[in-house]
Each structure stands twice: as structure tokens, then as C-alpha cells.
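*Asks:* Please see the structure below; I have some questions.
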Amino acid sequence: MTDTTHQQRVLNALEAHRGIGAQRQQKMDVLSQLSAAGDPERDIRSQLDALDKAEADAMDKWAAAGAKGDAPALDHAAREALVRQLAESQAQSVAADKAAQKVKGQIAELNKQGDAALALHKVESLAYLTSFAEELGEEYRQARIQVERSRAMLVALDRLLAQAQTLSDRRTTAFLPLVAPHLQQRDLCIEKVQSAAMDAATEHWRTLWAQCMSGKFTE
């Protein structure tokens, strides 16, 4: 049993959800890049700290040696270059943060759209599975009708044989016992039949549901 129209609706809904997911991932990648834009500031501050330490160590050594001669020269050129780079990186970091806020807003909107698309995919999947109910219900109805017809034929045959037999003539009484087993069906363990049928049906719907979730239909 297949319904290509319902299947297509499931696939369309799944594709829409995946498309939104792809857009969200792109925005997440952009956000990651914007976050990395703040790394230079941290690196420059680390270099300034290292310069401060180097100059302080040099001054300590000069003092420990009696502060004789000229004091250690400070690397003004290096410091000015680092301060300039720090100012530039700070401005870049501020701009990146502002851009990141916009991207975060876009991601939040995509999250809402993704939730809505996921809910629609679930609804379409449920609608697809439910589309089999009418056909299955008609099969069940016809099967029950056939069961009752077969039972009625056996019951009527049993009654006719009972009425037509001559108790004193074993040739006529021999037929009635041949019908009884078919009416009683004592050799049929209906519980086992029901259990096996339920297991098979459960597996069938689980498989079909998994196909809806993956978008890969095999039937």
C-alpha cells in the first residue's frame, strides 16, 4: 500500500525543515567567524603584557646591579605599534560584536521556523500513516463479512445434516461429525495468531514511521 501524494507531502515538509537547518548552520558558521574576529585583541594584549614584563625584568636587573650606567631603554616603537594595533582590534571586535547580535537574532528566527517546519513534518507523517486506515478498514470489514458467511455456510450445513440423518442408519450419521471440527476450530490457537499479527503490524508501522523521518521510502 502506497500513497505517493501523501509521501510527497512528507518529503516536501522534511526538505523544508532540512533547508532551514542548513540556513541555520550557515549562520552559526558566520557567528563562529565573528567570534574569531576578537582573537587579535587578546593576542595583542598578551604581547603588551609580555613587553611590560620584559621591560620590568630588565629594570630589576639594572637595579640589582647597582643602577650603574644608563637605564634600560624602553621599546617605544614596539609599544606604540602594539597600542595602535590594539585600538584597531578593539574597534574590529566592537563591530564584530554588533554584527554577531544581528546574526544571533537571525538564528533565533530560524530556530522558530525550524520548530514550525519540524511540527509540520510530524503532522504530514501522521497524515500519511493515517491515509492507510480507510483501505485497511475496508479489508477488515470484508474479511469479517467473509468469516460470517463461511460460518453461516457451515452452520446451515450442520443443521441440514442433523435433520437429514437417520439415527438408525450409520451411513447417514457419519457425515455430521465431519462438519463439527470446522465449526469449533479447536486446532486454531487464536492467541498465537493475534500475537504474531500484532508484532508484524507494530514492526510495519515503526518501519514506515522511520521512513517518514528519514525521507527514504521503500514501499
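The values are calculated or read from the model by the stated rules, or taken from the named source; none is laboratory data. Computed from a prediction, not measured in an experiment: that's the story for all the values here. Counting neighbours? That spans all protein chains shown, and the Cβs are built from the backbone with ideal geometry, glycine included. Ligands, DNA and RNA are stripped out before the accessible areas are found, and what is left, the full protein with its side chains, is counted by its heavy atoms. Shrake-Rupley method; radii C 1.70, N 1.55, O 1.52, S 1.80 Å.
*Asks:* Return the distance in nm (one decimal) between the two label points of a simple spin-label model at A162 and R79, each offset 7 Å from Cα along Cα→Cβ.
*Replies:* Going from the A162 label point to the R79 one covers 11.8 nm.
*Asks:* I've got another one for you. Among G105, G19, G66, whose mean-square fluctuation peaks in a Gaussian network model of the chain (Cα, cutoff 10 Å)?
*Replies:* G66
*Asks:* Calculate the FRET efficiency for A180 and E138 from the Cβ-Cβ distance with a Förster distance of 41 Å, rounded to the nearest 0.05.
*Replies:* After rounding to 0.05, the efficiency reads 0.80.
*Asks:* Return one whole number: the accessible area per residue of the chain in Å², for a 1.4 Å probe.
*Replies:* For the chain, the solvent-accessible area averages 72 Å² per residue.
*Asks:* Which loop-located chymotrypsin sites (Phe, Trp or Tyr not before Pro) does region 65-153 contain, where loop means any DSSP state but H, G, I, E or B and the Cβ has at most 12 other Cβ atoms within 10 Å?
*Replies:* Loop-located and lightly packed - none at all.
*Asks:* Return one number: the angle in degrees, 0 to 90 and rounded to the nearest 10, between the long axis of the Cα atoms of helix 39-64 and the longest principal axis of the Cα atoms of the chain.
*Replies:* Here the helix axis deviates by roughly 40 degrees.
*Asks:* Okay, moving on. Taking only Cα atoms, what is the 0 to 90° angle, nearest 10, from helix 76-130's long axis to the longest principal axis of the chain?
*Replies:* Helix 76-130 and the main axis of the chain meet at about 10 degrees.
*Asks:* Would you calculate the separation in nanometres between label points at D169 and T218, each defined as 7 Å from the Cα along the Cα-to-beta-carbon direction?
*Replies:* Modelled inter-label distance: 6.2 nm.
*Asks:* To the nearest Å, what is the center-to-center distance of region 75-139 and region 20-41, using C-alpha atoms only?
*Replies:* Here the two parts' Cα centres lie 9 Å apart.
*Asks:* Based on C-alpha coordinates, I'd like the Rg and Dmax of the chain, in Å.
*Replies:* Every Cα atom of the chain included, Rg and Dmax give 41.8, 147 Å.
*Asks:* At a Förster radius of 41 Å, what calculated FRET efficiency corresponds to the Cβ-Cβ distance of A58 and K102, to the nearest 0.05?
*Replies:* 0.30
*Asks:* What is the percent carbon and sulfur in the accessible area of region 61-130, measuring with a 1.4 Å probe over the protein chains and ignoring ligands? Provide the component values of the computation, followed by the final result.
*Replies:* Working: 2780 of 4680 Å².
Roughly 59 percent of what the probe reaches on region 61-130 is carbon or sulfur.
*Asks:* Taking θ = phi - 60°, what integer Hz values does the Karplus form 6.51 cos²θ - 1.76 cosθ + 1.60 yield along region 157-165, in sequence order, with x for Gly and Pro?
*Replies:* Coupling constants for region 157-165: 5, 4, 5, 4, 4, 5, 6, 7, 6 Hz.
*Asks:* Stokes-Einstein D for region 13-133 at 20 °C, 1.002 mPa s, Kirkwood Rh over Cα pairs, in µm²/s?
*Replies:* The diffusion coefficient I find is 112 µm²/s.
*Asks:* From the phi angles alone, apply the Karplus equation (6.51, -1.76, 1.60; θ = phi - 60°) to region 200-209 and give each ³J(HN,Hα) in whole Hz, x where the residue is Gly or Pro.
*Replies:* With coefficients 6.51, -1.76 and 1.60, one gets 5, 5, 4, 5, 4, 6, 5, 5, 5, 5 Hz.
*Asks:* Which whole-Hz ³J(HN,Hα) couplings does region 144-155 yield from phi under the Karplus relation 6.51 cos²θ - 1.76 cosθ + 1.60, θ = phi - 60°, glycine and proline marked x?
*Replies:* In residue order, the calculated couplings are 5, 4, 5, 4, 5, 5, 5, 5, 4, 4, 5, 4 Hz.
*Asks:* Could you let me know the centre-to-centre spacing of region 198-219 and region 146-165, using Cα atoms, in angstrom?
*Replies:* Each part reduced to its Cα centre gives a spacing of 42 Å.
*Asks:* Tell me the label-point distance for the pair T207, L126, using the 7 Å Cα-to-Cβ offset, in nm and rounded to one decimal.
*Replies:* For the pair T207/L126, the computed spacing is 2.5 nm.
*Asks:* Let me ask something else about it. Given a Förster distance of 35 angstrom, what is the FRET efficiency for M28 paired with E88, based on the Cβ-Cβ distance and rounded to 0.05?
*Replies:* 0.85
*Asks:* In square angstrom, rounded to the nearest 10, how much accessible surface does K192 have for a 1.4 Å probe?
*Replies:* Probe radius 1.4 Å; accessible area of K192 about 150 Å².
*Asks:* Follow-up question, since we're still on this one. All other residues with a Cβ under 14 Å from the Cβ of S93 taken together, and with Lys, Arg as +1 and Asp, Glu as -1, what is their net charge?
*Replies:* Overall, the nearby charge balance is -2.
*Asks:* Shifting gears a bit: Relative to the first principal axis of the alpha-carbon coordinates of the chain, what is the inclination of helix 4-36, with its axis defined by its Cα atoms, in degrees from 0 to 90 and to the nearest 10?
*Replies:* It is inclined by approximately 10 degrees.
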